[in-house]
Amino acid sequence: MSPSLQNISLKGKRILVVDDDSVILNTIVIMLRNSGMVPFAATGGEAALVELSRTNPHIILLDYMMPGMNGVDVYKKIRQDAAYTLYRDTPVIMLTAKTDNDEEQKELLHMGMSAYLLKPFGYKELVNIISNVLTLHESKLENIRLHAQVSDIKNYLQSVLDGITDFISVQDTSFYIKNYNKAAAEVFFTGNYTVSSGFETQPEGEKCYERYFQRASVCEHCPAVMTIKFSQTHTSEIVSGGRYFQASTFPVMNESKQTAYFIEILKDITEKKDLEQQLVESVKLASVGTLAAGVAHEINNPLSIILGFAQTMLNETEQGHRLHKDLQIIEQEATRCAKVVKDLLTFARPGRMEKSESNVIELMQTSIGLLRHFIKKNEITIHEEYAIEVPVLWIDPKKMQQVFINILLNAIESMPKGGSLYVLINYDAVTEKVIIQMSDTGCGISDDRVSKVFDPFFTTKVSKGTGLGLSICRSIIKEHLGTISVKSKVGEGSTFIIHLPGKGL
């Protein structure tokens with residue numbers, strides 16, 4: 001027993017004493033009062049039940065042999081009658097001179113009584129047994145409280161783990177899976193498994209690389225190898241079956257400060273990789289498209305002049321003239337060049353819209369995620385605010401993401417020495433418009449140039465920009481029956497505002 005429980009104070013403890021013998025009753029009351037306790041007397045079983053509700057005692061001293069309702073009857077009444085539910089757990093010490101028979105004494109304890117005390121007894125015996133019973137009772141209550149607290153924590157952890165979509169598992173240093181969360185169970189495991197401490201338990205030993213990746217040996221670049229060796233957290237990428245996973249492992253140390261187990265968090269980043277690849281391809285295509293548009297723009301005018309003069313001279317030259325055939329060749333080749341220019345322009349123009357129901361907030365978050373490296377590199381702080389009531393939109397998700405990335409990238413590039421980027425998506429129920437705002441604290445654009453930012457080939461990036469990015473953005477927004485505008489001030493930054501129809505697209 002701990003020192004804190006041994007030294008439990010009896011002062012002020014309320015004690016209900018029940019006995020039909022007034023002499024014994026008064027004697028016990030005096031002894032208890034001398035010990036600092038607060039005794040209440042009841043002469044018989046019926047009186048005890050009345051006093052019980054009135055005094056709400058910490059402990060009951062109950063005489064075994066009483067006329068009418070005896071001690072056992074009173075005890076059963078308290079335990080079984082709904083009227084006394086609040087007092088069912090109150091400790092009871094049975095006072096008896098009836099027997100010292102071991103079987104009967106065991107029966108009393110089996111009924112749930114805390115203890116029994118044989119008459120006659122002395123002052124020390126009485127105080128000691130009350131102290132011991134109260135000590136054990138408070139220890140029991142503390143255990144119940146701690147058990148409830150542990151249960152709450154387990155339930156909390158269960159909820160947290162069930163809400164995590166990443167695959168979490170606990171493994172030993174031989175890579176045997178010991179536990180795993182709900183997400184891992186749904187993807188990698190079948191059958192019935194028991195739940196333990198927020199994890200589902202693997203009933204039979206199976207190694208992670210066997211279950212997760214159908215391999216016969218440890219995966220290449222497995223971070224757990226380094227975690228086991230150096231007892232440190234490690235992260236790496238694992239490729240299996242055409243899918244990409246980010247694996248992070250965290251050591252669980254034993255008393256000897258050695259890694260006994262490790263926690264592995266496996267995140268499927270295939271979609272992220274695909275988006276990154278799409279971004280790379282988009283950049284490549286944008287560059288080619290920009291080049292094509294630039295070439296077409298530069299060639300079209302002189303080509304039209306050449307073709308026009310060739311046709312004019314053909315009309316003025318007789319068919320037998322020595323230059324007539326040469327002029328025909330010039331016309332044919334100029335026409336062929338015009339077709340090439342037309343094809344280049346067709347390539348440079350946006351492709352066919354492929355609309356679907358899309359979550360514009362998720363598209364924005366994905367766009368920000370793709371640019372996270374540049375945000376971090378430029379030491380930019382990003383602030384995001386999304387309204388709950390924003391509806392799903394009927395849009396082309398790839399094209400809309402192209403708009404977001406273009407504007408966000410411009411904002412990032414305008415803050416090479418750091419700054420703040422603000423992203424707000426809201427819904428106006430009155431106009432039924434989704435409002436998207438992207439603001440930066442960058443260099444800003446002067447008043448005489450801000451009206452030209454959506455013009456083709458206009459750029460504020462000297463010797464760097466192509467001048468087509470924002471023009472393409474405006475075209476995409478227009479295709480979605482929306483509007484895009486910009487507010488900017490030199491030295492303070494820029495804000496791009498997009499309005500999209502909330503329904504009926």
Inset, instruction - Could you tell me whether Leu109 is at pLDDT 90 or above and not in a strand (DSSP E or B)? - result: no
Inset, instruction - Test Glu281 against the criterion of being at pLDDT 70 or above and under 30 Å from Gln401 (Cβ atoms), and give yes or no. - result: no
Legend entry - Subset tally (residues that are buried (at least 17 other Cβ atoms within 10 Å of the Cβ) and out of contact with any Asp or Glu (no Cβ under 7 Å at 6 or more places or on another chain)) for region 233-247: 3
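Looking at Gln332, Gln232, Gln311, which is the one that is polar (S, T, N, Q), within 30 Å of Ser174 (Cβ to Cβ) and either assigned to a helix (DSSP H, G or I) or modelled with pLDDT of 80 or more (or both)? Please lay out each step first, then the result.
Numbers: Gln332 fails: within 30 Å of Ser174 (Cβ to Cβ); Gln311 fails: within 30 Å of Ser174 (Cβ to Cβ).
Just one listed residue meets the conditions, Gln232.
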Legend entry - Evaluation of Glu432 against (1) modelled with pLDDT under 85; (2) at positive phi (one fails), failing number: (1)
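From the list Phe188, Phe175, pick out the single residue that is surrounded by 16 or more Cβ atoms within 10 Å (Cβ to Cβ), out of contact with any Ser or Thr (no Cβ under 8 Å at 6 or more places or on another chain) and modelled with pLDDT of 90 or more. Break it down stepwise before answering.
Working: Phe188 fails: modelled with pLDDT of 90 or more.
Answer to the check: Phe175.
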Inset, instruction - Please find, among Lys461, Lys399, the residue that is closer than 30 Å to Asp274 by Cα, assigned by the TED database to the domain that holds Ile497, modelled with pLDDT under 90 and buried (at least 18 other Cβ atoms within 10 Å of the Cβ). - result: Lys399
Legend entry - In region 43-67, the residues that are touching a Lys or Arg at 6+ places or on another chain (Cβ under 8 Å) and either over 19 Å from Ile24 (Cα atoms) or surrounded by fewer than 19 Cβ atoms within 10 Å (Cβ to Cβ) (or both): Leu49, Thr55, Asn56, Pro57, His58, Met65
Legend entry - Sole residue being closer than 21 Å to Ser131 by Cα, under 54 Å from the mean Cα position of the chain (by Cα) and among the aromatic types (Phe, Trp, Tyr), chosen from Tyr75, Tyr84, Tyr64: Tyr75
Legend entry - Residues (under 25 Å from Arg79 (Cα atoms), touching a helix residue (DSSP H, G or I) at 6+ places or on another chain (Cβ under 7 Å) and assigned to a helix (DSSP H, G or I)) located in region 29-58: Gly45, Ala48, Leu49, Leu52
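The values are calculated or read from the model by the stated rules, or taken from the named source; none is laboratory data. Just so you know, these numbers come straight off a predicted model, no measurement behind them. Quick reminder, even Gly has a Cβ in these numbers, built from the backbone with ideal geometry, and neighbours come from all protein chains shown.
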